[in-house]
1. Loop-only trypsin sites (Lys or Arg not before Pro) in segment 403-478, please: DSSP not H, G, I, E or B, and at most 15 other Cβ atoms within 10 Å.
2. Near Lys358, which aspartates and glutamates are there with a Cα under 19 Å away, not counting those fewer than 8 places off in the same chain?
3. Classify segment 6-242: rounded, prolate or oblate, from the alpha-carbon gyration tensor (a ≥ b ≥ c, eigenvalue square roots; a/c under 1.5 rounded; otherwise prolate if a/b is larger than b/c)?
4. Please compute the contact order of segment 611-724 in relative form: average sequence separation of alpha-carbon pairs under 8 Å and at least six residues apart, divided by the residue count, as a percent.
5. Sort 300-307, 392-399 by the packing proxy (mean of other Cβ within 10 Å over each peptide's residues), most packed first.
6. Scan the chain and report its longest stretch carrying no chymotrypsin sites (Phe, Trp or Tyr not before Pro) that are both in a DSSP loop and have at most 11 other Cβ atoms within 10 Å.
7. Check each of the trypsin sites (Lys or Arg not before Pro) in segment 114-206 and keep only those in coil by DSSP with at most 16 other C-beta atoms within 10 angstrom; list them in order.
8. For the chain, give me the percentage of DSSP beta bridges that are antiparallel, rounded to the nearest 5 percent.
Amino acid sequence: MAKTSKKSVNKKAQKGTRCSNKEGSGTSLDCLFSPRSIAVVGTSRKKSSLGREILHNLVDYGFQGPVYPVNPKADFIHSMKAYPSVSAIPGPVDLAVIVVPKKFVLRTVEECGKKGVRGIVVISAGFKETGEKGKQMELEMVDLVRKYGMRMVGPNCMGIINTDPKIKMDATFAPVHPVRGCVGFLSQSGAMGNMILEYAKELNIGFSKFVSLGNKADISGNDILEELENDKNTDIILMYLESFGNPRKFTKIARRLSKSKPIIAVKAGRTLAGARAASSHTGALAGLDVAVDALFQQCGVHRATSIDELFDYALAFANQPLPKGNRVAILSNAGGPAIIATDACVSLGLEMSTFDPKTSKKLYDNLPEEASKKNPVDILGDGGPDRYQMALETIITDPNVDAVITIFVPPLITNPLDIAKAITEVSNRHEKPVLGCFMGREDILASIEVLEEHNVPAYSFPESPAKALAGMYNYYQWRKKEFGRIKKYKVNLKAVSDIIEQVRASGRTQLTGYEVECVLSAYGFPYPKGGLALSEEDAVKLANKLGYPVVLKIASSKILHKSDVGGVLVDLRTESEVRAGYNKIMAALRKARRTKEIDGIQVQALVKGGKETILGVTTDPNFGPLIMFGLGGIYVEVLKDVSFRIHPLTDLDAAEMVQSIQGYKLLTGVRGEEGVDIDAIEKNLMRLSQLISDFPEIEQLDVNPLLAFEKGKMCKVVDAKIILKKG
């Protein structure tokens, strides 16, 4: 992203698109964002009413076209001629903003359709958000919109804004007008949208377009993303979301869009995955929000945890170039804040720069003896504008520095305004990001304004610029990253289809251990040699054939956790141990009165060595299948060291899943240990993804553990379970 001045960010003009009442031009949403005429239906003489405020905002912001107040009980509103109905308006109407009571909305929508209105914004509330009756009315409204070929924002929204000077449309009831800029914003909450407009104006962040989505009955967040993708006035996209309408479509759009424009989102609310009855490790570990995190990671959306953080990122993305590396230098006049910033940078994956010898020499030659010349650089409390300017110029030109955070704590002897001017003077001459942290209150407001006017983001605390810089670097990496490929392997579809059909026919949803083995083997998952024993003699024959030691475990579609009923015995080394083990398991089942719940006893060759990992699938009701990877054993039971991605997986997704767990180094080898075959693990993850693609009726799946060995040796599935969806 090229560096531009703050003035250009907030005032840049681009050629807008127009919307004809007969034929749309450009995107399908031109009728909403580029109307030639607007009717406000339900406006009132009362200044406190929503309709009156929307009418006032359209006029006051300078909409470049006729605005028609519609009210059957008024001749004039806001010194403008009012009309009793939309049909009574003499000219064409491109956009209607509807603010009538709920009981009149359907009639008004139909009237707009008959008039030839192409876009409507329904501010009125009382629909899906209120219950079944309201939901039914909303569906009828959508039917009318479809019938007349219209597009609709809302209902239950606060309106839309287009700051393009050729349009100048503020069709909201917000008390403040937005500053013009390059940020496109979509909000699912009207109340949050109102607050966001006010907060953005305080920070001097300018918008290109703003949309309050409301109930998303017709136009969704995905539609707005596609609109902003094609909008030349929009360089950055901010989102406040409470739910996803179509996560699959969102992923496709966002993955493409985020390669050219950064998307930063706050996602409120939680998925239902964590609340479902979890009968697998994967289901239990798929916490309340992992699906959202996985979705954003896979499509390059940067997630903010709060509105404050959202705007911290927006300040940096909108005003500074992206860093081309993660090496950061910190310049400060106080040691404490510099240390805090350093800790924040390192914890976020940034690297503290090691200065070039020429940089170090110049700092040593020009800074006081007591000053700290190493990174972070502390020029001391008496450091004035000349010292700041010299140090920043020296640091920013260092080839080992990719970005600089400048910190200023105002002492009594230094004018903050002069410091701000010195920083901006250097920053505007270089193409490396410079982020500021000016700590204080009333005495630094003027200096913060100078920073903002000259395109240097100003933060109140040291952690904020560190977070913003980390987000910018992550986005820089995302833009460079190639899209992965979904690989296909040769598998036995018919064998799996037959097994699932048999399970369904028997009225079951859980597969037996033997059925699971057949399914996974059909997709290339390597199992230890083994077989199913229906008697003590069968178990002995299988053990002798396989060779000792062996493992015995119950095969059951009804007993989820074998160990809980004494159904697993390992490292049996002789025929007598196998006989004793078989009888021990059966005795435990008889005691628990569960002998009829098993299909036999599996006998498997014992696999020694290897690193325990876990692969799994759980189905989120909104996002579909989530695929998990982690270390097995105590790492999954206690530490929950796992990663998730939304299905389907590309080869890059699989690689990132493995690399992102905290215990990744244990897989690559530590303290002289040989690492395992990472490529084999990744291939098994992609095989798992292919299985879920081919058989979406699988709701939950655990491979726990999958033993990974050194390169050249195949992984081994030691245990697994599969549960089908009901019905």
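1. Those that pass, being in a loop and sparsely packed, are Arg429, Arg441.
2. By straight Cα distance, Lys358 reaches Glu369, Asp378, Glu393, Asp398, Asp402.
3. Rounded.
4. The value is 29 percent.
5. 392-399, 300-307
6. Value returned for the longest uninterrupted segment is 1-482.
7. The qualifying sites are Lys166.
8. Antiparallel bridges: around 50 percent, rounded to the nearest 5.
Computed from the coordinates by the stated procedures, all read-outs in this text should not be read as laboratory data. These numbers were taken from a predicted model, which means no experiment stands behind them. Methodologically, a virtual Cβ is constructed for each residue, glycine included, from the backbone with ideal geometry; neighbour enumeration extends over all protein chains shown.
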